[in-house]
Structure formats: structure tokens, C-alpha cells
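Enquirer: Have a look at the structure that comes next, please.
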Amino acid sequence: MKRIAVSIRNRVFSESIVMMLLQTGDFRPIRIPSHPPDMVLIECQSANPEIILMDVTPAPSETTISQRLKLIEKLRYELPCCKMVMLCDEVAYPELAREVMRAKQAGQIDAFFYASVTAEYLTAALDSL
């Protein structure tokens, strides 16, 4: 079972993803706060996940791509074997989706998913990391 930290601001969406991951039997999801960044870092150090799934949004400032990438730098230092994954809404924020894609191309994150992805694809892709 892979330990996966879910750091998503929208509580309903976060809980849905946690429930979906639990249903597969392949994951042990841990819901952690999406902000403040120091709390995310502390919670991730404590949970020692293999994957961190975090959302990226234009607001609040803690979940913008620039702040998430700063947090990922710190997380990589503390958890070098952990995979960093971003989730964004490509329909509501198309430019942000392009920035997330560029972060993957630049090697700043290990994977990204759009909010429109199916549950089956998301779980299969996360399991393959």
C-alpha cells in the first residue's frame, strides 16, 4: 500500500479523493491541510508519504503555483524519495494548467493531473509512480 498525502483546499473534493483512494485498496491516504505551508511540511514529515497530491489554484496565495513550487522545494529536501504531484482545474484556469504542465516539463514536479481526469485513470497513474 502506498502512503499518499492529499493536500487539497476544497474539503469536499479532498474527501472525495481520499474515499476514492481508500476504495482501491492500493493506497493509504492521509488528508493534510493545504495551508499554511509550514503546517503542510510538518504534516508531511510526520506522515512520510510516498506521494504528495496537492491542488494548485490562483487564490489563496498558499495554493498558487509559485507558492506550491516553493513548498515542493522544501519537501524534496526533507523527503527526497517522495513524488510530488499537482492537480489543477484546466477548464476554470487554462493558463494555470499550462504553467503546471511547464513545471512538469522543467522537472519541478513528478506528475500532474487535470480535475477532469477519471477516478480510474487517477488511481492507476498514482499507483504507477
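The values are calculated or read from the model by the stated rules, or taken from the named source; none is laboratory data. Keep in mind that this is a model prediction, so the values were computed, not measured. When we count neighbours, we look across all protein chains shown, and the Cβ atoms used for this are built from the backbone with ideal geometry, even at glycine. For accessibility, only protein heavy atoms count, side chains too; no ligands or nucleic acids. Shrake-Rupley method; radii C 1.70, N 1.55, O 1.52, S 1.80 Å.
Enquirer: Write out, first by first residue and then by second, each pair whose Cβ atoms fall under 9 Å of each other, whose residues are 6+ apart or on separate chains, and whose first residue, in the stretch 10-29, is within 17 Å of VAL117 (Cα to Cα) and at pLDDT below 95 while the second is surrounded by fewer than 18 Cβ atoms within 10 Å (Cβ to Cβ) and of a type in the set (Asp, Glu).
Expert: These pairs meet every condition: THR24/ASP127.
Enquirer: How do the strands (runs of 3 or more DSSP E) wholly within the stretch 1-118 filter down when requiring 1 or more residues that are surrounded by 15 or more Cβ atoms within 10 Å (Cβ to Cβ) and touching a Pro at 6+ places or on another chain (Cβ under 8 Å): which remain?
Expert: Filter on the stretch 1-118 gives 2-7, 27-31.
Enquirer: What's the number of the condition LEU129 fails, among (1) touching a residue at least 60 places away in the same chain (Cβ under 8 Å); (2) open to solvent by less than 20 Å² (accessible area, probe 1.4 Å); (3) not hydroxyl-bearing (Ser, Thr, Tyr)?
Expert: LEU129 satisfies all of (1) touching a residue at least 60 places away in the same chain (Cβ under 8 Å); (2) open to solvent by less than 20 Å² (accessible area, probe 1.4 Å); (3) not hydroxyl-bearing (Ser, Thr, Tyr) except (2).
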